[in-house]
Amino acid sequence: MTGPGAERRNLVFVTVDSLRADHCGFVDPDSSLTPAIDRVAGDGLSFTQAIAAGPRTPSSVPVLFTGEFVTDDPEWSMADWRGRQQRIGRHMARFSHLSERLGAMGYETAGITANPWTTRESNFDAGFDRFFEISADSDDISSTQLSDSTLFKLADTGLDALPGDFLGWSDKKEWFSQWPGSFELVTEQLSDLSEPFFLWVFILDSHQPYITPRRFREEASAWRMYYSILRYWYGESSDEEIPAHAREMIGAAYRDAVRSVDAFVGELADAVAPYDPVTVFCSDHGEAVGDHGNFGHPQALYDENLRVPMFVHNAGVRGQVDEQVSLRSLPDMVTDLADPTGFDPAAYTDRAVLSKTENDRRRAVRTPSWKLVRDRETAAERLYHIQEDPDESEDVSASHDEVVESLSAVLDRHDRTRAEKASIRRVTDDLVAEDATV
Amino acid sequence: MADISISDDLIERIETRAEHTEFETADDYAEYVLTEVLASLDEDGVEGREPAVDDDGVEDRLQSLGYLNE
């Protein structure tokens, strides 16, 4: 091999939406849902305390591609999805992507993503030689491939035109985004890409509402799965508390979705083996399944929302890292794994990890023992002793002033950094505007 | 990664500004400033994206996945 890509390892980067850490056996031995993930993680370097930069894709994935938190916007609102998408797009264009870094190192790059926040409109394709959006409305893949579900096929063929779509299934085709529908695209890219290659695959299977192909379901029958979906959806739209039997069904449907993700990892491990890549695997954030009264991934910073499974496979290093690592360090870590000789995971661990909700409305700083959460609007602070109280059930800020002071200093330092970065941006924007008028 | 030389005086000024922030070195600070300046100069390329072809389709996708809820 010659050229700028010589001596570089192939890289496969897998992100899974909404896969919480404690449902993976290599993180929590009480879980038996993920034998394939546990096997691959056990054959590599596993991280048991990986922390997402935010609890939802918009607050997490732009950060794990650039290493930078997305800048605040005073005009931000949850309902303004175009503004949120454009804001991510500006961020992705402004800072160097992982894919751009690797492209500059001689990699041929391909991205396959099922999440609607990581599209061309939000500039996620930057740095990718090939980019594929997986959805029923995408030109990159035939919608007939996406799911075997009869309901999906009805929705995809225009159920909205019929009088019988009372529940609006035709607007919810996203719910049927399942990895088997795009796996052939993954194997095609593996065989087509020139080495060294970087392949990013982002699957949505463990994202709510957990519609899972029959062959991966062990707990939820079809009617239980669909009932839990509708109950969940009704609860979301009505703010009505979800009853206990439905909570259990939602948990079962989620566990089956995790089983499906596990099957994906098993098949992917076999598919990539001939190319001998270094594989990095993580979830973009966690998922609440009734914890703290929440379902899905609300704007909350509890561990069920932030702790994610993560491993590095085939980098010549094995073991388990129990120190904290932020997904914010992934751009550096993955880039360094292009040549993993001397790879040292300690270089990416951090005793104090910062996570934030979208637009910085809440932020948390987490150490191995403590977590301080600060709400920007109310200035309220809550402190959890996560070692003694892993469920984060009791605010102990009133009795631990010195810990609050210490962790507040980390958040204050972050605020000063944000202010400095905002000043830098304002000055550079002013200079460029001035230049344009000359 | 290549080295770029700047004056000691400039480094001192950077270090003063970066004190008590997350910028660990003057290198980090200088790289951030240059990233912002170059991004601003290239802003036409940044903003030049076409809007989504099917706005309703995108909104439906985000709505169905719960991304427009708190």
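Restricted to the range A:240-350, the set of strands (runs of 3 or more DSSP E) holding at least 1 residues that are under 24 Å from B:Leu65 (Cβ atoms) and touching a residue at least 40 places away in the same chain (Cβ under 8 Å) comprises A:278-283, A:307-313. The number of residues in the range A:42-95 being over 22 Å from A:Tyr348 (Cα atoms), β-branched (Val, Ile, Thr) and in a loop (DSSP other than H, G, I, E, B) comes to 1. Residues of the range A:375-385 that are buried (at least 18 other Cβ atoms within 10 Å of the Cβ) and either without any contact (Cβ under 8 Å) to a residue 12 or more places away in the chain or closer than 15 Å to A:Leu306 by Cα (or both): A:Tyr384 alone.
What is the one condition in (1) more than 27 Å from A:Ser99 (Cβ to Cβ); (2) assigned to a helix (DSSP H, G or I); (3) in contact (Cβ under 8 Å) with a residue 40 or more places away in the chain that A:Ala433 does not satisfy? So the condition that A:Ala433 fails would be (3).
With respect to the conditions (1) assigned to a helix (DSSP H, G or I); (2) within 14 Å of chain B (Cβ to nearest Cβ); (3) in contact with a Ser or Thr (Cβ under 9 Å, 6 or more places away or on another chain), A:Ser99 lacks only one, and its number is (2).
All of A:Thr118, A:Thr113 fail the test of being within 14 Å of B:Leu62 (Cα to Cα), among the polar types (S, T, N, Q) and within 20 Å of the chain's Cα centre (by Cα), apart from A:Thr118. Candidates are the residues of the range A:62-87 that are of a type in the set (A, V, I, L, M) and within 11 Å of another protein chain (Cβ to nearest Cβ); the one that is surrounded by the most Cβ atoms within 10 Å (Cβ to Cβ) is A:Met78.
The set of residues in the range A:109-137 that are surrounded by fewer than 24 Cβ atoms within 10 Å (Cβ to Cβ) and in a helix (DSSP H, G or I) comprises A:Arg120, A:Glu121.
Being over 19 Å from A:Arg39 (Cβ atoms) and touching a Ser or Thr at 6+ places or on another chain (Cβ under 6 Å), is that true of even one residue in the range A:221-230? Within the range A:221-230 (the criterion being over 19 Å from A:Arg39 (Cβ atoms) and touching a Ser or Thr at 6+ places or on another chain (Cβ under 6 Å)), the answer is no, since none of the residues qualifies. Among residues of the range B:12-33 that are more than 7 Å from chain A (Cβ to nearest Cβ), those with a beta-carbon under 6 Å from a residue that is part of a loop (DSSP other than H, G, I, E, B) at least six positions away or on a different chain give the pairs B:Tyr29/B:Phe23. Every listed requirement among (1) more than 22 Å from the chain's Cα centre (by Cα); (2) at pLDDT 95 or above is met by A:Val186 save one, (1). Among the residues of this structure, A:Leu199 does not count as one that is more than 14 Å from chain B (Cβ to nearest Cβ), within 21 Å of A:Ala273 (Cβ to Cβ) and assigned to a helix (DSSP H, G or I). For the range A:139-152, the count of residues that are at pLDDT below 75, assigned to a helix (DSSP H, G or I) and not polar (S, T, N, Q) is at least one.
Within the range A:417-428, the presence of at least one residue that is in contact with an Asp or Glu (Cβ under 6 Å, 6 or more places away or on another chain), surrounded by 12 or more Cβ atoms within 10 Å (Cβ to Cβ), modelled with pLDDT under 90 and not small (Gly, Ala, Ser) is confirmed. Every test in (1) in a helix (DSSP H, G or I); (2) aliphatic (A, V, I, L, M); (3) free of Cβ contacts under 8 Å to residues at least 40 places away in the same chain is passed by A:Leu407 save one, and that test is (3). Considering every residue within the range A:202-225, establish whether at least one is of a type in the set (S, T, N, Q), closer than 22 Å to A:Asp125 by Cα and at pLDDT 95 or above. For the range A:202-225, residues of a type in the set (S, T, N, Q), closer than 22 Å to A:Asp125 by Cα and at pLDDT 95 or above: absent.
Could you say whether any residue in the range B:40-53 is within 7 Å of chain A (Cβ to nearest Cβ), within 30 Å of A:Leu230 (Cα to Cα) and either modelled with pLDDT of 80 or more or part of a helix (DSSP H, G or I) (or both)? Looking for residues that are within 7 Å of chain A (Cβ to nearest Cβ), within 30 Å of A:Leu230 (Cα to Cα) and either modelled with pLDDT of 80 or more or part of a helix (DSSP H, G or I) (or both), one finds none in the range B:40-53, hence no.
Note on the range A:337-358: residues that are among the charged types (D, E, K, R) and buried (at least 18 other Cβ atoms within 10 Å of the Cβ) amount to 2.
The values are calculated or read from the model by the stated rules, or taken from the named source; none is laboratory data. Fair warning: this is a prediction, and the values are worked out from it, not measured in the lab. Here Cβ is always computed from backbone atoms with ideal geometry, including for glycine, and neighbour counts include all displayed protein chains.
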